[in-house]
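*Asks:* Below is one structure. I have some questions about it.
The values are calculated or read from the model by the stated rules, or taken from the named source; none is laboratory data. All values derive from a computational prediction rather than experimental measurement. Note that we place each Cβ from the backbone using ideal geometry, even for glycine, and neighbour counts take in every protein chain shown. Heads up: the accessible areas ignore ligands, DNA and RNA and are worked out on the full protein's heavy atoms, side chains in. Shrake-Rupley method; radii C 1.70, N 1.55, O 1.52, S 1.80 Å.
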Amino acid sequence: PDPRFYRALGPLPLSELAGLTGASLAAGGETMIAGVAPLDHAGPAEVSFINDRKHAARLAASRAGACFM
């Protein structure tokens, strides 16, 4: 996120992020998340988002630490 508009809260455990958003976890609650990135550019310490099954191949190729679906 742009630091001019948002204050960074991380890194924080994925379980805490899920709790703040009301999301449920499939696995990996101990993963530390430090930022947000597009699915194609996200790394192991970043969370991303997917909203359509047509992007499933991109999700499978992603290195994101977590992904909201």
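*Asks:* What's the extension gain from residue 63 to residue 12 if we count 0.36 nm per residue and subtract their Cα-Cα distance?
*Replies:* So the extension gain works out to 16.6 nm.
*Asks:* In square angstrom, what is the accessible area per residue of the chain with a 1.4 angstrom probe?
*Replies:* It amounts to 73 Å² per residue over the chain.
*Asks:* Also, I was wondering about something else. How far apart, in nanometres, would the label points at residue 26 and residue 40 be if each is projected 7 angstrom from Cα along the Cα-to-Cβ direction?
*Replies:* Those two pseudo-labels are separated by 2.2 nm.
*Asks:* Please identify the chymotrypsin sites (Phe, Trp or Tyr not before Pro) of the chain that satisfy two criteria: DSSP loop assignment and at most 14 other Cβ atoms within 10 Å. Which are they?
*Replies:* Filter output for the chain: 5, 6.
*Asks:* Now for a separate question. Per residue of the chain, what 222 nm ellipticity follows from adding -39500 (n - 2.57) for every DSSP H run with n ≥ 4, rounded to the nearest 500?
*Replies:* Theoretical 222 nm ellipticity from helices: -5000 deg cm²/dmol.
*Asks:* Here's something else I'd like to know. Give me the percent of accessible area attributable to carbon and sulfur for the chain, probe 1.4 angstrom.
*Replies:* 58 percent
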